[in-house]
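The values are calculated or read from the model by the stated rules, or taken from the named source; none is laboratory data. Every value quoted in this text rests on a predicted model; they were computed, and no experiment measured them. Glycine gets a Cβ as well: all are built from the backbone with ideal geometry, and neighbour counts include every protein chain shown.
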Amino acid sequence: MPDRALRDRLIELENPATDLDRGRALRKRTPRRSLARLTPSPRAAVEILLDQNETRLPELVPLRFARMLADPFAFYRGTAAVMAADLAAGPSSGIDVMCCGDAHLGSAHASVLRGYVGTSDAVANAIIEWSFAYADKSLDDFHQLQAAARARDIDVAESPAR
């Protein structure tokens, strides 16, 4: 994202006709159809997660993986870097939103965080684009992490309890 203050990126709603024209211009630049195709990162999700371990406390890494393996929702919450890598290669309308890690799971079809930010979720700039293809890819990534755990390719804590 560009290094601009949030206030510099706010879109002032003018009037319905102007707003519709702005939307049509954005769709010409980035047609809806182009947003339906996912161009995933060439890097495997597990590889991205293992690279993240370099900046984490080593004794907590197995606990992180145990928690992420609890269910797909827990996996999605722990894989923002995977989502960012996958979506970075795709088209963008240039519309930024403020978004938390739960946004892609909570409303995959709507692309928008509807006022929810969990009590401990970080909020950051995000592109508004989304597709069902990413939801399918995320589930595939979760299954790959499960396979890596079964093969003992990653260390997983016995219990993900806090």
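For Pro31, the conditions (1) modelled with pLDDT of 80 or more; (2) within 20 Å of the chain's Cα centre (by Cα); (3) not charged (D, E, K, R) are fulfilled apart from (2). In the range 25-49, the qualifying residues are those that are out of contact with any helix residue (DSSP H, G or I) (no Cβ under 9 Å at 6 or more places or on another chain) and of a type in the set (A, V, I, L, M), and the one that is surrounded by the most Cβ atoms within 10 Å (Cβ to Cβ) is Leu35. Among the criteria (1) modelled with pLDDT of 75 or more; (2) loosely packed, with under 10 Cβ neighbours inside 10 Å, the one Arg22 does not fulfil is (2). When restricted to residues that are without any contact (Cβ under 8 Å) to a residue 12 or more places away in the chain and not in a helix (DSSP H, G or I), the range 12-49 contains 6. Among the residues of the range 57-71, the ones that are surrounded by fewer than 17 Cβ atoms within 10 Å (Cβ to Cβ) and over 19 Å from Ala151 (Cβ atoms) come to 5 in all.
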